[in-house]
Amino acid sequence: MANIKTAISIEKPVFEQVDALAHELKISRSRLFVLAAQEFIKRYKNQKLLDAINDAYDDLPDSAEETTLRQMRSRHFELVRGQW
């Protein structure tokens, strides 16, 4: 895969933390930024998937539907009572 050089601007305290962590992990700052970006992208995609799943299950009946369901259950019970 081709590498692309880019320039970014970050606050000095963040740069110092990145530099120290890269040194501690014995990896380049560039590698640390790649790992951080990959992790961020993975978390972002997972959050989007979770949001989509939650949206799919966000179809609970409203109060009018609940009332109709209760009435239907009651009527069904009256229809089948004594048949078992």
Review point. If we count trypsin sites (Lys or Arg not before Pro) as exposed when they sit in a DSSP loop and have at most 13 other beta carbons within 10 Å, what is the longest stretch of the chain that avoids them all?
Key: 27-80
Revision key, fill the gap. Computed on Cα atoms, Rg of the chain relative to 2.2 N^0.38 Å comes out at 2.37
Practice item. Once you have the Cα-Cα distance between ARG70 and SER30, take 0.36 nm times their residue separation minus that, and quote the gain in nm to one decimal. Key: 8.3 nm
Revision key, fill the gap. The value for the range 15-56 (convex hull of the alpha-carbon atoms, volume per residue, Å³) is 64 Å³
Check your understanding: Between ARG81 and GLN38, 0.36 nm times their residue separation minus their Cα-Cα distance comes to what?
Key -> 9.4 nm
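Throughout, read-outs are computed from the coordinates displayed, never taken from laboratory work. Note that the structure is predicted; figures quoted are calculated from it, not measured. No Cβ is skipped: glycine too gets one built from the backbone with ideal geometry, and neighbour counts run over all protein chains shown.
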